[in-house]
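Asks: Mind having a look at this structure? Questions to follow.
No lab work stands behind these numbers, since they all come straight from the coordinates. Everything quoted here is computed from the prediction, not taken from an experiment. FYI the Cβ positions are ideal-geometry reconstructions off the backbone, even for glycines, and counts take in every protein chain you see.
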Amino acid sequence: MAGQDVRAAVPWTCEDLASARHTTCLTPRDRVYVNLDVAQHGVGSGACGPRVQPRYVRHAQPVSLTLGFRTC
């Protein structure tokens, strides 16, 4: 989606966001979807400066994450 406004908690699935051309095309769902970064690829792309060092390269892969919530 061009001009994407990235947020961690949204009322749309990843598929909704990927297929929408504009934010006005999105219809909120009846739940909130939370997106978390488990790891971050190193800084650099080779487009302007050096590529990422091999030890900092991250490849997309499925992960398992357990979250716990408690009242404050």
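Asks: Where in the stretch 15-47 does the amide nitrogen come within less than 11 Å of the point 7 Å from the Cα of Leu65, taken along Cα to Cβ?
Replies: 34-40
Asks: Using R₀ = 35 Å, calculate the FRET efficiency as 1/(1 + (r/R₀)^6) where r is the Cβ-Cβ separation of His22 and Val43; round to 0.05.
Replies: Details: r = 30 Å, r/R0 = 0.85.
After rounding, the FRET efficiency stands at 0.75.
Asks: I would also like to ask the following. Counting other Cβ atoms within 10 Å, which chymotrypsin sites (Phe, Trp or Tyr not before Pro) in the stretch 16-72 have at most 12 and lie in a DSSP loop?
Replies: Values: sites: Tyr33, Tyr56, Phe69; in loops: Phe69.
The qualifying sites are Phe69.
Asks: Follow-up. Residue by residue through the stretch 55-72, which ³J(HN,Hα) values in whole Hz follow from phi under the Karplus form 6.51 cos²θ - 1.76 cosθ + 1.60 (θ = phi - 60°), with glycine and proline marked x?
Replies: Rounded to whole hertz, the list is 5, 9, 6, 10, 10, 4, 7, x, 9, 10, 9, 10, 10, x, 10, 9, 6, 9.
Asks: Just the number, please: Stokes-Einstein D of the chain in µm²/s, Kirkwood Rh from C-alpha pairs, 10 °C, 1.306 mPa s.
Replies: Value of D from the Cα-based Kirkwood radius: 103 µm²/s.
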